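Peer 1: Below is one structure. I have some questions about it.
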Amino acid sequence: NTLASAISKSLEENAKKAYFFIGNFKETGYKILEEDFIDIKTKLFFYIGIDKKATTRGMLEGLLEYSNDVFYYSNNNLNEFVSNICIFEYTDRAVMYVSGSNVSESGIQTDLSLYTKIVYDLKDANEKQEYKAQIKELQKVENIEGFSKLDKEKIEELVENKEIFSTRQYNHSVMSISELLGKKDKKEEKKDEETIKANNEDVYKKDIEI
């Protein structure tokens, strides 16, 4: 199973709470997970890294529609927030997924990505105590310097400071059919011919002067 399907199944099973500690949360990954956020009663918590390459206004506004507990760290700086931990808490158990991939379409759905699944039995006093201590420790990340709680005003500030973009940014680079076939474009061929001709004329002139 992919990490995307594991997360989807965990949310379908009506977890009471879900925690997402995601350092590289790309818009393509958000779009996949968003389908499972709609009309659920699970209380969601997000601790994410943002940057101008992967984060958009629409994505952050969307997260605020599903949760009032969204905390972010700007990965545009020298130090980055690196994490991919998803936790789902039920009445009798808690399930944790730990992965080394980023949360993008390829990272959680199409790539061959390994992840670890850890299950805590909350009916067992010792495991419940261990789990509660783990969650408490992880949530301390929101108090680390550089983390801020997200709201609509913060989103406007991030856009204004160009830490994120209003819309998704694309690197548009489409090859022509001739390039795909390994052939040069006619304009390029003409340019090459003109260069060769000019070089030959220069050589000829120099020979005459000698």
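Peer 1: Give the Rg/Rh ratio for segment 1-55, taking Rg as the radius of gyration of the Cα atoms and Rh as the Kirkwood radius, to two decimals.
Peer 2: My calculation puts Rg/Rh at 0.97.
Peer 1: Work out from phi, with θ = phi - 60° and the Karplus expression 6.51 cos²θ - 1.76 cosθ + 1.60, the ³J(HN,Hα) of each residue of segment 63-71, listed in order in whole Hz, and give x for Gly and Pro.
Peer 2: 4, 5, 6, 9, 7, 8, 10, 10, 10
Peer 1: Among 135-148, 12-25, how do they line up by average Cβ neighbours within 10 Å per residue, starting with the highest?
Peer 2: Answer by packing, highest mean first, reads 12-25, 135-148.
Peer 1: Between T91 and K123, what is the spin-label point distance in nm, taking each point 7 Å from the Cα along the Cα→C-beta axis?
Peer 2: 1.2 nm
Peer 1: Over all pairs of distinct alpha carbons, what does the Kirkwood formula give as the hydrodynamic radius of segment 14-142, in Å?
Peer 2: 15.3 Å
Peer 1: Determine the distance separating the Cα centre of segment 91-147 from the Cα centre of segment 1-69; give it in Å without decimals.
Peer 2: So the separation of the two Cα centres works out to 14 Å.
Rule-based calculations on the coordinates, nothing more; no lab input. Remember, it's a predicted structure, so these values are computed and weren't measured experimentally. Ideal geometry is used to build each Cβ from the backbone, glycine not excepted, and the neighbour counts take in all protein chains shown.
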